[in-house]
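Notes follow once the structure below has been shown.
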There are 2 protein chains.
Amino acid sequence: MPELRQDPVAGRWVIVATERTRRPKDFSGHHEHFSEPPVNPFAEGKEELTPPEIYAIREPGSKPNGPGWKVRVVPNKYPVLRIEGSLEKEGDGLYDHISGIGAHEVVIETPNYNVQLEEQPLEGVASVVETYRIRMTDLLKDTRFRYIIVFKNFGRDAGATLGHPHSQIIAMPVTPKAVKTKLTGALQYYEHKERNIFSDILRQELKDSRRIVYQNGAFVCFCPYASRFPFELCIMPRRQLPDFHKIDSSEVLQLADVMKVSLMKLRRGLNQPQYNYLIHTAPARYPKKDYWSTIEQDYRWHLEITPRLTHIAGFEVGTGFYVNPVPPEDAAHFLRDVEV
Amino acid sequence: MPELRQDPVAGRWVIVATERTRRPKDFSGHHEHFSEPPVNPFAEGKEELTPPEIYAIREPGSKPNGPGWKVRVVPNKYPVLRIEGSLEKEGDGLYDHISGIGAHEVVIETPNYNVQLEEQPLEGVASVVETYRIRMTDLLKDTRFRYIIVFKNFGRDAGATLGHPHSQIIAMPVTPKAVKTKLTGALQYYEHKERNIFSDILRQELKDSRRIVYQNGAFVCFCPYASRFPFELCIMPRRQLPDFHKIDSSEVLQLADVMKVSLMKLRRGLNQPQYNYLIHTAPARYPKKDYWSTIEQDYRWHLEITPRLTHIAGFEVGTGFYVNPVPPEDAAHFLRDVEV
């Protein structure tokens with residue numbers, strides 16, 4: 001059983017695989033040498049190579065765990081958290097740990113190995129977004145879960161181990177420290193100014209315009225003022241809404257549009273860089289906490305896209321203090337001009 | 001002039017190079033392709049290739065900026081912050097930025113390209129540690145600086161761009177958010193329990209013993225309970241002291257010993273992995289802040305060593321939530337048994 005452990009000083013949680021999924025000697029030879037399996041487990045017609053599907057968008061008449069799907073969600077075969085079991089919180093002297101209860105799902109974005117997300121037609125991207133929404137809505141019914149992370153790793157340096165286009169969902173029994181920090185920041189701004197910080201950011205970005213990359217009726221894509229990485233992008237909804245899973249069907253389509261355009265600009269402008277994206281959404285709302293009293297007004301979900309063009313240095317991980325060699329104004333100017 | 005910018009929601013600072021040191025088109029071809037310069041600028045006899053030295057440990061009679069040194073500190077030729085200028089804090093709508101004032105120094109650890117830190121004799125490692133101490137003490141006299149980071153990147157994936165053994169020092173006009181989080185955590189524990197959290201951690205680790213890797217009279221090296229990375233190490237002093245630069249000469253020698261042993265265990269056990277280390281020390285103590293009232297009692301400097309054996313996934317950077325595939329108990333057991 002994996003275990004969630006909390007750092008007693010910094011307060012952050014980590015998942016520790018206590019099942020010895022990787023033994024020390026695995027690291028003593030070549031470092032993290034992954035190779036693609038001989039048969040692609042995400043291919044259409046090879047559905048038996050994954051655990052049974054949780055959800056799929058399928059052609060009428062096609063059967064679960066057979067061919068005929070457009071998007072398919074399956075449990076991760078090597079999950080970082082386990083769905084079975086009860087949530088046990090325990091102390092160990094001054095340390096705290098929680099049983100590694102959670103869900104770890106894979107969203108197979110297309111049956112086509114060679115079609116990346118941004119290359120799909122708009123409806124294809126919208127199906128992936130709608131799948132995120134449906135799975136998040138469903139996972140939030142499990143009261144053991146506090147936070148759902150939807151993310152994508154594209155490329156090996158970005159953490160992907162399989163080449164077939166896919167993204168991932170992790171449901172976890174704690175809220176990550178960095179999420180709490182954002183929630184607290186948004187709450188403090190709201191208490192101080194009685195205004196929503198995300199709305200103020202959007203207003204200032206649109207007025208300034210130097211960091212805007214693309215916009216449509218529902219979303220604005222811009223390079224954040226304090227970007228940690230070259231060509232970092234933030235996709236911010238115009239509508240005030242803390243929870244990603246409450247977007248409506250028109251927002252699903254428009255989010256698909258802004259994601260497709262943004263990712264295609266990165267691909268064309270920067271020679272198909274490796275990247276990650278991550279949906280920042282509000283936590284589940286069970287035990288009453290201070291920062292949930294005004295969350296409907298003060299917090300807004302958003303999507304962060306971070307190309308992996310530079311190495312992350314040790315002091316950046318250790319201090320959270322990043323050095324970005326490309327001003328976001330230059331990055332946005334460059335990306336605005338990339339035709340898609 | 002580089003610029004420090006603060007994220008308005010998360011509160012973290014980033015350094016943005018506004019001098020266009022890297023243009024967008026630099027990223028559109030090969031991604032971060034560095035090659036070593038044809039002549040090693042850190043070699044003995046090539047001192048004219050670096051800016052004039054700030055400090056050096058030299059043979060008697062040898063002249064500055066010539067051969068005859070053991071450790072040499074020079075300004076970084078491509079600094080992320082600039083030493084010249086005054087500290088200007090400014091708002092830009094809801095954003096805050098500060099002029100990129102700071103210092104960025106390189107500690108050349110040895111004249112020998114092929115001798116890594118852990119391969120040096122004990123006195124050589126001690127000279128490097130003593131150099132860190134002397135430079136930090138000196139930089140703290142500049143009242144523009146709030147925090148000094150001492151760190152080392154070994155290997156290209158860890159952020160190093162030159163192969164000659166070196167470490168780096170950055171003096172910055174703000175305290176990194178992650179440092180503040182640790183300070184706050186330590187303060188809260190102290191206020192709640194009237195005990196030092198680092199002292200309690202050390203007591204529990206020594207009693208438990210499963211995560212201990214090595215110890216001497218002044219330091220304990222262990223795999224932290226909530227390790228983010230496989231084989232992550234923490235070197236903790238036994239003596240309560242918030243500031244690294246106040247270690248005494250016996251601690252310099254004993255720190256050199258524990259660093260040499262720990263790094264050699266990583267090297268032999270894990271086939272010379274890439275790694276980073278970072279000294280966590282207390283901030284400079286000018287403007288009075290709440291968390292400085294009891295800092296002498298509640299905070300303790302320490303050194304973090306993080307081997308880079310796995311890729312850092314995007315959601316880990318975005319949420320601060322790491323997945324560690326090797327339990328620290330197993331990592332420590334493995335490293336204890338590596339003979340050095």
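Read-outs: derived from the displayed coordinates by stated rules, not from any lab. All values reported here derive from a predicted model rather than from experimental measurement. Cβ placement follows ideal geometry from the backbone for every residue including glycine, while neighbour counts extend to all protein chains displayed.
The table that follows gives values for the structure above.
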item	result
Surrounding net charge for B:V340, when Lys and Arg each add one and Asp and Glu each subtract one, Cβ distance under 13 Å	0
Neighbour-limited loop hits for GluC sites (Glu not before Pro), segment B:180-273 (at most 14 other Cβ within 10 Å; DSSP other than H, G, I, E, B)	B:E194
q = 0.18 Å⁻¹, segment A:3-172: log10 I(q)/I(0) [Debye, one scatterer per Cα]	-1.25
Viscosity 1.567 mPa s, 4 °C: Kirkwood-radius Stokes-Einstein D of segment A:79-195 over Cα pairs, µm²/s	77
Centroid-to-centroid separation of segment B:71-140 and segment A:226-283 [C-alpha atoms, Å]	37
Fewest-first ranking of A:D200, A:D298, using other Cβ atoms within 10 Å as the exposure measure	A:D200, A:D298
Sequence ranges B:276-283, A:8-15, ranked by mean other-Cβ count within 10 angstrom, highest first	B:276-283, A:8-15
Where N is the number of residues in the protein assembly as shown, Cα Rg divided by 2.2 N^0.38 Å	0.95
Peptide A:140-152 - average C-beta neighbours from other chains (10 Å radius)	1
Cα pair distances in segment B:224-263, grouped into 5 Å bins until the bin that holds the longest one, percent each	6, 19, 27, 21, 17, 9, 2
Per-residue HN-Hα couplings for segment A:156-168 [Karplus 6.51, -1.76, 1.60; θ = phi - 60°; Hz; x = Gly/Pro]	5, 5, 8, x, 6, 10, 10, x, 4, x, 7, 10, 9
Ascending list, in nanometres, of distances separating the A:E191 label from those of the other copies (7 Å, Cα toward Cβ)	1.3
Within segment A:258-276: backbone nitrogen closer than 16 Å to the B:K25 label point (7 Å, Cα to C-beta)	A:269-271
Segment A:177-336: C-alpha pair distances exceeding 24 Å, %	37
Taking chain A and dividing mean pair separation by its residue count, relative contact order in percent (alpha carbons under 8 Å, at least six apart)	17
Inverse mean reciprocal Cα-Cα distance (Kirkwood Rh) of chain B, Å	21.4
Per-residue average of Cβ from other chains inside 10 Å of A:325-335	5
Gain upon complete extension [B:Y286, B:H333; 0.36 nm per residue less C-alpha separation]	12.6 nm
Helical segments meeting 20 Å axial Cα length and Kyte-Doolittle -0.5 threshold in chain A (DSSP H)	A:122-139, A:249-269
Segment A:177-336: relative contact order as a whole-number percent, Cα under 8 Å and 6+ apart	34
Chain B Cβ-axis minimum, rotational copy A, residue and distance in Å	B:I312, 3
Label spacing, shortest first and in nm, from A:G85 to its equivalents in the remaining copies (7 angstrom along Cα→Cβ)	5.2
Cβ-based exposure ranking for B:I57, A:I312, in which fewest neighbours within 10 Å come first	B:I57, A:I312
Cα→Cβ-extended label distance, 7 Å offset, between A:E36 and B:E296, nm	6.3
Copies compared at B:G163 - label distances in nm, ascending, label defined 7 Å from Cα in the Cβ direction	3.0
Per-residue Cβ neighbour rank within 10 angstrom, fewest leading, A:Y113, A:Y286	A:Y286, A:Y113
Inter-chain Cβ neighbour average for residues A:181-187, partner chain, 10 Å	4
Under 19 Å from A:K193, Cα to Cα: lysines that are on another chain or at least 8 residues apart	A:K182
Length-normalised contact order of segment B:3-172 in % [C-alpha pairs under 8 Å, at least 6 apart]	22
